[in-house]
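The values are calculated or read from the model by the stated rules, or taken from the named source; none is laboratory data. The model shown is predicted, which means the values in this text are computed figures rather than measured ones. No Cβ is skipped: glycine too gets one built from the backbone with ideal geometry, and neighbour counts run over all protein chains shown. The protein model used for the area step is the full one, side chains on, heavy atoms only, and it has no ligands, DNA or RNA in it. Shrake-Rupley method; radii C 1.70, N 1.55, O 1.52, S 1.80 Å.
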Amino acid sequence: METIVFIILYVILFLSTLLSYPFLRKQKRGFPIERYKLPPGSMGWPYIGETLQLYSQDPNIFFLTKQKRYGEIFKTQILGCPCVMLASPEAARFVLVTHAHLFKPTYPKSKEMMIGPWALFFHQGEYHTRLRKLVQYSLAPDTIRKLIPDIEHIALSALDSWAASGQVINTFYEMKKFSFDVGILSIFGHLDGGYKEKLEENYRIVDKGYNSFPTKIPGSAHHKALRARKRLNQILSEIIRERKEKRLVEKDLLGHLLNFKDEKGETLTEDQIADNIIGILFAAQDTTASFITWILKFLHDDPKLLEAVKAEQKAIYESNNGGKEHLTWAQTRKMTLTYRVLLEGLRMASIISFTFREAVVDVEYKGYLIPKGWKVMPLFRNIHHNPEFFSDPHDFDPSRFEVAPKPNTFMPFGNGVHACPGNELAKLEALILIHHLVTKFRWEVVGSESGIQYGPFPVPQQGLPARFWKQSSCPS
Ligand code: HEM
């Protein structure tokens, strides 16, 4: 008898909680949520939602089909998470800029642990603002312009080694090494070769395990990556100790992180410094490598455009005494056509196809409810490939950038408080590499496979296998 009474009470309690839930939410936040409906769309199967549909095809087709059916805002469920996807410039601006305080960045816990929980892109609010100012300053044009001769050196040694090998190289893989070296340069300035090698070796293991299944089973890629991540902390700790001992006051990113003091005079902990260094290497490497790989492919596929870019670069090369003098910042600002090629490459490739945020409260957008805790995804690629904003969006046409795109329609580096602080460095690396590539080398893409491979960033098939020659030794 007692049990029956208990069950009845339990059911009454459960039902009353359930029925009063919307009311409680309304009372609590003064937000009349019953007036708003969820965005259109399908939540798919219980728990798995539409995960299979998303991962069994090109993700862009999944998003595009939904956009055609439901419009600029629609709901779905991926990997157990209810999501709202946003495919219009206004909606992306709402989430990333004007109402950014209502949405926080969100990443799977396993990824956060792998990079390090103090990395700035996991944060929102005061800590993020302070760290971001420092990172932005370290990557601002006035700082990175001083890196030009060193970036030229890194670019030329990479090109020379590809040409000297005579082998077919995996362009994406080699560009990863190039962007890693530039990343190290911007963080540490001139780092002792031994440290660089150790960082590179362990970072590569972290990179390999980053997208693997998160398990602590010894021998698994994830477990190996976690151990390598710990070793990275030890190496960074040694570098920091050495700097402190030598009392070096460097003006690179590490120097700024070490000198940082907040208004209470608090400095950053070694973990905070390490997580941010690994975070920046991570944010910089595959993105920039994928970007430059696409540029090589687009130039290779359009011989007329390549000739025009060559002519622009050759004029700068001649004015630098046949390449004997270093490029200047002013010269990189005058590479008008090459710069448009980069912008069009960023649009076409849309390397960060979308980003994730999480609603921190119930939010209303154009009469729709975005419930607290739901993921929100501004779809950059869909906006970049929408014919309303970019005519014939599938054509590679740098001339479209002779006119500035409509506001908020071009976001290869994101928008708002988390927009990419490395965007100028990424473009500078690309301009420098292209300058030396087209003035001194030739390259040929090997194989005829076209299409995109996601890993998870979009990369040309097989990483764009290619062969390089020095111009003086080109085959006729
Ligand atoms: C073509 C290359 C690159 C692309 C396409 C790219 C794209 C992006 C995008 C879209 C975001 C915003 C993500 C969001 O809102 O969730 C972002 C953030 C970020 N990027 Fe980049 N990025 C590139 C290169 C770099 C480089 C070279 C660095 C550093 C050296 C860098 C460092 C960062 C950092 C630290 C953030 C986080 C900023 C924050 O949360 O405040 N990125 N990037």
TODO: Would you kindly state how much longer the chain becomes between ARG231 and PHE213 on full extension, computed as 0.36 nm times their sequence separation minus their alpha carbon distance, in nm to one decimal?
DONE: 4.4 nm
Open item on the list: Which one, THR106, SER161, PRO82, projects farthest toward the positive side of the charge dipole computed for segment 67-200 from Cβ point charges (K/R +1, D/E -1)?
Closed with: PRO82
Open item on the list: Using +1 at the C-beta of Lys and Arg and -1 at the C-beta of Asp and Glu, which of HIS190, VAL135, LEU147 has the Cα lying farthest in the positive direction of the dipole of segment 126-255?
Closed with: VAL135
- [ ] With everything on Cα atoms, drop me the angle between helix 423-440 and the longest principal axis of the chain, reported from 0 to 90° to the nearest 10.
- [x] 30 degrees
Task: the chain: relative contact order as a whole-number percent, Cα under 8 Å and 6+ apart - done: 23 percent
- [ ] Summarise the accessible area of the chain (1.4 Å probe, protein heavy atoms) by the percent that is carbon and sulfur.
- [x] 58 percent
Task: Computed FRET value (nearest 0.05) for LYS334 with LYS146, which takes r as the C-beta separation and R₀ as 22 Å - done: 0.70
TODO: Provide the net charge surrounding LEU64, with neighbours chosen by a C-beta distance below 12 Å and charges set as Lys +1, Arg +1, Asp -1, Glu -1.
DONE: +3
Open item on the list: Compute, for segment 156-265, the length of the dipole vector about the Cα centre, with Cβ point charges of +1 (Lys, Arg) and -1 (Asp, Glu) only. Units Debye, rounded to 20.
Closed with: 580 debye
Task: Non-local Lys pairs in segment 331-450, i.e. 8 or more apart or on different chains, that have alpha carbons under 28 Å apart - done: 8
Open item on the list: Please compute the contact order of segment 277-355 in relative form: average sequence separation of alpha-carbon pairs under 8 Å and at least six residues apart, divided by the residue count, as a percent.
Closed with: 44 percent
Task: Percentage relative contact order, segment 80-164, counting C-alpha pairs under 8 Å, at least six apart - done: 14 percent
Open item on the list: Given axes a ≥ b ≥ c from the Cα gyration tensor, I'd like to know whether segment 145-214 is rounded (a/c under 1.5), prolate (a/b larger than b/c) or oblate.
Closed with: oblate
- [ ] Write down the accessible area per residue of the chain in Å², having rolled a 1.4 Å probe over the full set of protein chains.
- [x] 50 Å²
Task: Descending semi-axes in whole angstrom, ellipsoid equivalent of the chain, from the Cα gyration tensor - done: 43, 29, 22
Open item on the list: Straight-line reach only, C-alpha to C-alpha below 19 angstrom: list the lysines that LYS196 could link to, leaving out same-chain residues fewer than 8 apart.
Closed with: LYS176, LYS177, LYS208, LYS230, LYS244, LYS246, LYS251
TODO: Could you check the simple spin-label distance between TYR127 and PHE356, using points 7 Å along Cα→Cβ, in nm with one decimal?
DONE: 1.8 nm
- [ ] Between the alpha-carbon centers of segment 177-214 and segment 43-79, tell me the distance in whole angstrom.
- [x] 35 Å
Task: Computed magnitude of the charge dipole of the chain (debye, nearest 20; Cβ of K, R +1, Cβ of D, E -1) - done: 860 debye
TODO: Grab the beta carbon distance between ARG241 and ARG35, set R0 = 56 Å, and tell me the FRET efficiency rounded to 0.05.
DONE: 0.40
Task: Virtual spin-label span in nm between LYS304 and ILE48, 7 Å along Cα→Cβ - done: 4.9 nm
- [ ] At 7 Å along the Cα-to-beta-carbon direction for both HIS101 and ASP192, put a label point, then send me their distance in nm to one decimal.
- [x] 4.7 nm
